[in-house]
Amino acid sequence: MPGSSPPLKVFITGASGGLGAALARHYGSRSGACLGLAGRRAEALDELAQSLPCETASYVADVRDAGALARAGADFMGRYGCPELVFANAGVSAGTLTECPEDLAVFREIVETNLLGVVHTFHPFVEAMRRARQGTLVGIASLAGFRGLPGAGAYSASKAGVIAYLESLRLELRNAGVAVVTICPGYIRTPMTAGNPYFMPFLLDAERAAARIAAMAAKERRHGVVPWPMAVVGAALKALPRPVYDILFERAPRKPRRRG
């Protein structure tokens, strides 16, 4: 149609639930959008895709599997072309203790999913975006990556790694026309936070969080915290001297470890 804008092409991992599904609904509500939805749960992906009034391609894939993400990325670009937006959103969380042998596999799963999963998500698209000199890569980190939290060594380490990795990638692509956006959510109402047995300040619904993240991505914000009051909390956490932080957070509430 003369004068109409081309369809927005968006690829999202972790799309089978939580924030990823909310992002898919946000972008999928646009007429003519083309979405790539990657996640581990086929039934949930199919249900989400059928609910959206736009063209979708679903990929059942674990972000720890670099080959699966490479095939998904190649298929998406073969269908729709280079995406404007790629969201590395997939993540897992659990309490962990270094001294517990049964937690070693959990450490590996969390770090591989949360950190390497971001790398695997972006890998298929970076060179195409560089050639096109356009596109935005959005990585979902966490406020938990600002400081190490007791009982959450794997999660905090993985998210701190995501923040550092995205900063490196942003510098690498600075003159390539490709934006890299780091998003650090606080508490978002998703299945991941449903089991937290402690008070979660400024808890935000996934749909509202998705809208705010999308706005930051549109502005190509280098670094954003959602919701905004948690940016104040995060700044305060980073400013605390280590001796003070240790005293205040030694007995902080902890996320439950996996059982069985």
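None of the figures in this text is laboratory data; all of them are computed from the coordinates on show. Predicted model, so just to flag it, every value in this text is computed and none were measured. We place every Cβ from the backbone using ideal geometry, glycine too, and count neighbours over all the protein chains shown.
Per-residue Karplus couplings for segment 128-140, computed as 6.51 cos²θ - 1.76 cosθ + 1.60 with θ equal to phi - 60°, are listed in order as 5, 5, 5, 5, 7, 6, 7, x, 10, 9, 10, x, 8 Hz, Gly and Pro entered as x. If you plug the beta carbon distance of R30 and D205 into 1/(1 + (r/R0)^6) with R0 = 35 Å, you get a FRET efficiency near 0.95.
Straight-line cross-link partners of K255 among the aspartates and glutamates, defined as a Cα under 14 Å from its Cα and at least 8 positions apart when in the same chain: D103.
Computed from backbone phi with θ = phi - 60° and the Karplus coefficients 6.51, -1.76 and 1.60, the 3J(HN,Hα) list for segment 207-223 is 5, 5, 4, 4, 4, 6, 5, 4, 5, 5, 5, 4, 8, 6, 5, 5, 8 Hz; x is used for glycine and proline. Using θ = phi - 60° in the Karplus curve 6.51 cos²θ - 1.76 cosθ + 1.60, the 3J(HN,Hα) couplings for segment 110-121 round to 5, 5, 5, 6, 6, 9, 5, x, 5, 4, 5, 5 Hz; x is entered for Gly and Pro. Label reach from R174 (point 7 Å along Cα→C-beta): in segment 96-128, no amide nitrogen lies under 11 Å. Once backbone amide H atoms are built at 1.01 Å from N, A57 has L35, G36, L37 as its partners under 5 Å, excluding neighbours fewer than 5 places away on the same chain. Positive contributions from Lys and Arg (+1) and negative ones from Asp and Glu (-1), summed over other residues with Cβ under 9 Å from the Cβ of A94, come out at +1.
Our summary gives the chain a relative contact order of 18 percent, counting only alpha carbon pairs under 8 angstrom and 6 or more residues apart. Packing, as the average of other Cβ atoms within 10 Å across residues, places the peptides 87-97, 197-207, 72-82 in the order 87-97, 72-82, 197-207, highest first.
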